[in-house]
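The values are calculated or read from the model by the stated rules, or taken from the named source; none is laboratory data. Just so we're clear, the structure is a prediction, and the values are computed from it rather than from any experiment. Note that we place each Cβ from the backbone using ideal geometry, even for glycine, and neighbour counts take in every protein chain shown.
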Amino acid sequence: MVDRGGKSTKAFTPTNLVNHLKKHHKEEFENYEKKKVEKEESTRKDTQQSSLKQLTSKEASDRVRLWDINDSRAQTVHQHVMEMIALDTQPISAVEDVGFTCLLQVLEPRYKLPSPQYITFKILPETYKHVLKSVKCVLDSGRFYSFTTDV
């Protein structure tokens with residue numbers, strides 16, 4: 001029989017049941033405490049998620065608007081696309097390949113691939129200058145060099 005703190009219905013409270021568990025059933029009480037903590041954490045997470053603010057119309061439109069070609073995020077992707085072209089010795093026209101454009105669309109729908117002309121006349125020269133500067137720094141730091149070629 002469970003001692004609930006008395007015979008009147010006012011004494012039949014959850015607190016009395018919890019105290020009974022704590023006093024007479026230690027393992028069940030520990031399980032109860034674990035589940036209670038898990039439930040509180042779950043409730044806290046749900047509360048935090050439900051308290052998220054609603055987006056303004058500007059914020060909502062920014063989430064679907066294509067990035068400008070000069071946007072810093074787009075510029076970062078441009079550089080990585082150029083790096084992929086250079087490292088994989090791909091032609092610049094690879095940016096027009098259906099598979100590549102589909103992949104980028106899935107990864108970032110707001111990114112619009114630049115034309116091969118833009119890559120050729122804007123991104124490629126910038127990349128060349130950056131690589132040239134890096135190579136010069138490496139060469140300037142050394143005292144002796146050795147080159148070999150196959151003829």
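Among the residues of the range 108-119, the one identified as in a helix (DSSP H, G or I) and under 26 Å from ARG63 (Cβ atoms) is TYR118.
Pairing residues of the range 130-151 that are surrounded by fewer than 10 Cβ atoms within 10 Å (Cβ to Cβ) with residues that are of a type outside the set (Ser, Thr, Tyr), at Cβ distances under 6 Å and at least 6 apart in sequence or on separate chains, gives no pairs at all.
Condition first: β-branched (Val, Ile, Thr) and under 19 Å from the mean Cα position of the chain (by Cα). Now tell me which residues in the range 90-124 satisfy that.
VAL106
Would you pick out the residues in the range 97-131 that are within 15 Å of ALA86 (Cα to Cα) and aliphatic (A, V, I, L, M)? Answer for the range 97-131, where residues must be within 15 Å of ALA86 (Cα to Cα) and aliphatic (A, V, I, L, M): ILE119, ILE123, LEU124, VAL131.
From the list LEU66, LEU17, LEU21, LEU87, the lone residue that is among the hydrophobic types (A, V, I, L, M, F, W, C), under 21 Å from the mean Cα position of the chain (by Cα) and modelled with pLDDT under 95 is LEU66. The sole residue among GLN105, GLN90, GLN79 that is free of Cβ contacts under 8 Å to residues at least 12 places away in the same chain, surrounded by 13 or more Cβ atoms within 10 Å (Cβ to Cβ) and in a helix (DSSP H, G or I) is GLN105. Taken together, the residues in the range 109-150 that are among the hydroxyl-bearing types (Ser, Thr, Tyr) and at pLDDT below 90 amount to 5.
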